[in-house]
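Remarks on the structure that follows.
The values are calculated or read from the model by the stated rules, or taken from the named source; none is laboratory data. Since this is a predicted model, take the numbers as computed values, not measurements. Please note: Cβ atoms are built from the backbone with ideal geometry, for glycine as well, and neighbour counts cover all protein chains shown. Ligands, DNA and RNA are excluded from the accessible area calculation, which covers all protein heavy atoms including side chains. Shrake-Rupley method; radii C 1.70, N 1.55, O 1.52, S 1.80 Å.
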Amino acid sequence: MHTFFIPANASLNSLFNYNIKAVMVFDDTASTGHGIVNTVIDSDTVRAVFSGAGTLKLEKKVANITNANGNDISNSAKPGEVIEYTVIFTNTGSGDIKEVMILDTVPQHTSLSSAINCSSGTIPSGLSCSFIPVAPLNAIGYQGGVKWILTGTLRPGESGNVVYRVNID
């Protein structure tokens, strides 16, 4: 049996590879001078998992709002049409998650069709949401990074989503 000490700041599912080498020198009780030595190396990997840890799953869906053709992981649109992105977050683990940060980028050849806010999505009651544009502008026509910060507690099995809409340029 081996005991491993995982650092407190190790991220969930971190990997640690190790080798254990055993050199066995066999007794020569008959004094034959056989000199038998056997070396065994055992290589293994340990994954850091925490009992009661939260696990965040993210899924992004897109819907063409102009043509109302469904919400899936892929879609099609023409210049001038509006598409809506929904980022779904779920705690699939067995413990709480204390803070969630969702980063995304307004895709190339698109721009915001309206300002982004937290009320467009569904935020579980244990979380509060703040939207922070990566650049200082959160308005129609914005292109660039977007960030939502969800503070509080996302409990096991809970999920929610954040939403934003863009125009196809």
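Within 24 Å of S11 (Cα to Cα), out of contact with any Asp or Glu (no Cβ under 9 Å at 6 or more places or on another chain), open to solvent by 20 Å² or more (accessible area, probe 1.4 Å) and small (G, A, S): is that true of G141 in this structure? Spelling it out, it is not the case that G141 is within 24 Å of S11 (Cα to Cα), out of contact with any Asp or Glu (no Cβ under 9 Å at 6 or more places or on another chain), open to solvent by 20 Å² or more (accessible area, probe 1.4 Å) and small (G, A, S). I'd like to know if segment 101-120 contains one or more residues that are under 12 Å from K147 (Cβ atoms), of a type in the set (S, T, Y) and within 22 Å of the chain's Cα centre (by Cα). Yes, that holds for at least one residue. The set of residues in segment 83-100 that are assigned to a strand (DSSP E or B) and more than 11 Å from V162 (Cα to Cα) comprises I83, T90, N91, I97, K98, E99, V100.
Considering every residue within segment 117-135, establish whether at least one is open to solvent by 40 Å² or more (accessible area, probe 1.4 Å), in contact with a Gly (Cβ under 8 Å, 6 or more places away or on another chain) and assigned to a strand (DSSP E or B). Yes, the conditions are met somewhere in segment 117-135.
Consider segment 144-169. How many of its residues are among the hydrophobic types (A, V, I, L, M, F, W, C) and open to solvent by 60 Å² or more (accessible area, probe 1.4 Å)?
0
Going through (1) assigned to a loop (DSSP other than H, G, I, E, B); (2) touching a helix residue (DSSP H, G or I) at 6+ places or on another chain (Cβ under 6 Å) one by one, G80 falls short only on (2).
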